[in-house]
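Beneath this line is the structure, given in C-alpha cells, with notes to follow.
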Amino acid sequence: MIRAAHNNTVTVKYTGKLADGTIFDASPEDRPLTFIIGRGEVIKGFEAAVLEMSKGETKTVVIEPDQAYGEPNPTLVEEINRADLPENLELIEGGQLEVTQGDGSILRLMIDKVTEETVSLDANHPLAGKALTFVIELLEVDTAPPKELPPLFTGALAAGPTL
C-alpha cells in the first residue's frame, strides 16, 4: 500500500463533526478534496492525520484546537457603535457581517451581540476553541512532483491565519 508523505498530492473524502455530532463540513460526494501535503493548505491536525494513512484507509481522528483553528482570541472581539454602521444593515445575533479589507480580501465577522447602541463583532474563526472530529478516507496518493493546484478557500478546512 502507498503511504502518504510530504510533497505528495493526496485526494481524500472527509466529514467533519463537532463534539455534539453536528456536521460542520464534508467533501462533496462527487468532488473529493485534493491537496499537497506540507504546503499548509489544510489545518495542521488534518494534514498530520493523512500523513499517518495509506491509500484506501479510512480513519476517525479528533483534532484539538491547537492543531485546528486555535483558541478564541479576545482581542479579535470588538464592540462598535451602531451609528458607525450603515442604517439599512440587518444585524442579527449569530449572523455574519462581511467586511472588505484594504487589500480587497473579505473578512467575515460573527455578530455576537446587538443592542440599541452597540454591536459586538467577533473576528475569531467560528471553529476556534473547538475539538473537531474527522472521518477521513484516503482515496489517492500521487508521489510524482506536485503540480500547482487551485486554492482551497472552501469549507472549514481552508488553511491560513487564524483571525
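For the criterion of being within 23 Å of Lys130 (Cα to Cα), of a type in the set (Val, Ile, Thr) and at pLDDT 95 or above, Thr34 fails. The set of residues in segment 20-40 being part of a strand (DSSP E or B) and closer than 10 Å to Val10 by Cβ consists of Leu33, Thr34, Phe35, Ile36. For beta carbons closer than 7 Å, sequence separation of 6+ or different chains, a first residue in segment 92-117 that is closer than 14 Å to Val77 by Cα and free of Cβ contacts under 8 Å to residues at least 24 places away in the same chain and a second that is in a loop (DSSP other than H, G, I, E, B) and of a type in the set (Val, Ile, Thr), the qualifying pairs are Ile111/Ile92.
Out of the residues in segment 1-23 that are of a type outside the set (Val, Ile, Thr) and surrounded by 15 or more Cβ atoms within 10 Å (Cβ to Cβ), state the one that is farthest from Pro65 (Cα to Cα). Taking the candidates together, the pick is Asn8.
Being in contact (Cβ under 8 Å) with a residue 24 or more places away in the chain and either touching a Pro at 6+ places or on another chain (Cβ under 7 Å) or within 30 Å of Glu140 (Cα to Cα) (or both) is a condition met by no residue of segment 73-87.
Here Leu149, Leu85, Leu139 are screened, and the one residue that is at pLDDT 95 or above and either closer than 30 Å to Ala49 by Cα or not polar (S, T, N, Q) (or both) is Leu139. Restricting attention to segment 41-75, the residues that are assigned to a strand (DSSP E or B) and surrounded by fewer than 16 Cβ atoms within 10 Å (Cβ to Cβ) add up to 5. If you go through segment 113-127 one residue at a time, how many are farther than 27 Å from Ala4 by Cβ and either within 23 Å of the chain's Cα centre (by Cα) or not in a loop (DSSP other than H, G, I, E, B) (or both)? Count: 10.
The values are calculated or read from the model by the stated rules, or taken from the named source; none is laboratory data. This one's a predicted model, so the numbers in the text were calculated from it and none came from an experiment. Please note: Cβ atoms are built from the backbone with ideal geometry, for glycine as well, and neighbour counts cover all protein chains shown.
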